[in-house]
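Heads up: the structure comes next, in structure tokens.
Throughout, read-outs are computed from the coordinates displayed, never taken from laboratory work. Computed from a predicted structure; not experimentally measured. Here the Cβ positions follow ideal geometry from the backbone for every residue, glycine too, while neighbour counts run over all protein chains shown.
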Amino acid sequence: MTSTVELLKIKFNQALVAAFGEDFATTDPMVVEATNPKFGDYQCNVAMSLTKPLKSNPRAIATQIINHLSLDEICEPPEIAGPGFINLRLKTDYLKTQLQKMLGDERLNIPQVNPPQRMIVDFSSPNIAKEMHVGHLRSTIIGDCIARILEFQGHDVLRLNHVGDWGTQFGMLITYLKEVYPDALTTANALDLGDLVEFYRQAKVRFDQDETFKETARQEVVKLQAGAEDSRRAWQLLCEQSRQEFQLIYDDLDIQLTERGESFYNPFLPAIIEELDKIGLLVEDQGAKCVFLQGFTNKDGEPLPLIVQKTDGGYNYATTDLAALRHRIETEKATRIIYVTDAGQSNHFMQVWQVAKRAGWIPENVELVHVPFGVVKGEDGKKLKTRSGETVRLRELLDEAINHAQTDLETRLKAEERTETEAFIDHVAQVVGLSAVKYADLSQNRTSDYIFSFDKMLSLQGNTAPYLLYAYVRIQGISRKGNIDWQQLGTDIKIVLEAEAESILAKHLLQLQDVLAEVAHDLFPNRLCQYLFELSQKFNQFYEQCSVMKAEEPQRTSRIALCDLTARTLKLGLSLLGIPVLERM
């Protein structure tokens, strides 16, 4: 199915060609949703942009466009407003036809793309032996949402976790491991380091205070890079322990990832240096090998270097990212590579990509995208931290969200004099708590910082996960009270759209395909959140103004179908945000 907006654009493009010639075949017809319902459902603003090339006034241009426009099956006769806006109102029969198609399709009549693309979404990326914190939350859930939407569209998506599992810090960690767990490398029992963050902190103290320890740690790095068996074993133990901790969080958040840690790209690093040298991009500067960048300068106006091999012969993040990029293009065959990291890494990616482009490693059909995001702030407006000033651990944050949700639920149950099982309370608290955290993040423009507030994100009012979940629950309550089996509704229902609230809800249901296409292109999940929030609002207004179960036929069955479509749309939309629905709350 071609979406309504795309169909209108096609019709306007045809009218532009018919009115003004083939030169206007690729002109953007500038069809958008109307900002105010009194102006209709959609608006075409192209006439104003054609004033200069056509040397005519926009109302005259709009008139010519309308004279060549064929929209009889979709819209009422178009109207010209203001300086030359073309206002469009969808016909009720068109709405009914589209709703029928949605009812009969498990994908709500949203087709998969053809042809699909091979895409990579690089997200989450925690560091070994360091606990995941609130910054990883943003990367993890934004990346997961983007991957879900692209997968739903039918693209071949590889979800990559570029874990920090290599580097000089492992010399320190391995040395400390050998010191405090001397038997760890010789026994077959699984190693339990306990609190990994505390383990890292203690190792860092030893490294900072003991010169002998520091020198041993440096030698350990060399041994690890050379493949010494005991060093590799210690490294693997540390990595495995971290992975187990990460996986607990990924399981709770329902996140699927394929790990390609920094260590994965180690074998490819020497070739990066060799090829940059062969191409003539490599320059040795103060013992380090680097590429001088174009457009990036220091305070003296001199070109900045991107170091790819340090003076001691070691490699760094830039080298690894270049190797990863080449592997993703040449081996993984990706044509769109999306990096979800904090905004502070924007320059790093611009620099790495510039070197890769100058080296000829990025084909014209490959798109590289950085998806930056802002920081999470506490209610004091400062970067979210614990009372002691430390970064908030993600595990503790999620547990606290669940506890808050359980307290809210128990208070509500008591006020309603409802009795529920412990299993019910635990399940609802888990879903609501984690969903509230996800939605509070995804509903923000990702480039902005946002204030983290349990009270706001768990509210049953406003743009929150509980509000959306409750709208879904409300519809399930209709089915229980009316003993309705949604599966038995059938698809030959006569849709009736007589009340204004019915038409408003119906028009909004038709917009999901366009919203998903927009998010897949621009990678702003908050657009989907806003759509679902408005859908919940419009459904609640419909439910308050239009009797469902007490209506006469065929209106009764038609309204039941609208409820079903709303529930299915909410369920699909929430699933693309990584949020499961509840039958009761």
So what's the convex hull volume per residue for the Cα atoms of region 221-364, in Å³? 150
Compute, for region 169-255, the length of the dipole vector about the Cα centre, with Cβ point charges of +1 (Lys, Arg) and -1 (Asp, Glu) only. Units Debye, rounded to 20. 400
Just to confirm my numbers, what's the Cα centroid distance between region 351-387 and region 62-139 in Å? 26
Report the extension gain between Glu275 and Gln345 in nm, rounded to one decimal, defined as 0.36 nm multiplied by the number of residues separating them, less their alpha carbon distance. 22.7 nm
Taking 8 Å as the Cα distance limit and 6 or more residues as the minimum spacing, I'd like the relative contact order of the chain as a percentage. 14
Tell me, what ³J(HN,Hα) does each residue in region 211-216 have, in order and in whole Hz, if you take phi through Karplus 6.51 cos²θ - 1.76 cosθ + 1.60 with θ = phi - 60° and put x for Gly and Pro? 5, 5, 4, 4, 5, 4
Give the distance, in whole Å, between the Cα centre of region 140-167 and the Cα centre of region 497-567. 29
Mind listing which trypsin sites (Lys or Arg not before Pro) in region 390-479 are in a DSSP loop and have 15 or fewer other Cβ atoms within 10 Å? Arg418
Contact order normalised by residue count of region 169-255, Cα under 8 Å, 6+ apart, percent: 41
Figure the gain on full extension for Lys52 and Asp230 (residue separation times 0.36 nm, minus the Cα-Cα span) and round it to one decimal in nm. 56.7 nm
Viscosity 0.692 mPa s, temperature 37 °C: Stokes-Einstein D of region 169-255 from its Kirkwood Cα radius, in µm² per second? 241
Go from 0 up to the bin containing the longest alpha carbon distance in region 4-90, width 10 Å each, and give me the % of pairs per bin. 19, 58, 22, 1
Under a cut-off of 18 Å between alpha-carbon atoms, report the lysines in cross-link reach of Lys310, not counting same-chain residues fewer than 8 places apart. Lys223, Lys289
Quick one: Debye curve from the alpha-carbon atoms of the chain only, equal weights, vacuum; give me log10 I(q)/I(0) at q = 0.09 Å⁻¹ to two decimals. -0.87
Which ³J(HN,Hα) values in Hz, rounded to whole numbers, follow from the phi angles of region 411-420 under the Karplus curve 6.51 cos²θ - 1.76 cosθ + 1.60, where θ = phi - 60° and Gly and Pro get x? 5, 5, 4, 5, 5, 8, 6, 9, 10, 10
Stretchable slack from Asp492 to Arg201, in nm (0.36 nm times residue separation minus alpha-carbon distance): 98.2 nm
Using r as the Cβ-Cβ distance of Glu302 and Arg118, and R0 as 35 Å, what FRET efficiency do you calculate, to the nearest 0.05? 0.30
Anchor Lys438: lysines whose Cα lies under 29 Å away (excluding residues fewer than 8 positions away in-chain): Lys130, Lys377, Lys382, Lys383, Lys385, Lys414, Lys456, Lys507, Lys538, Lys571
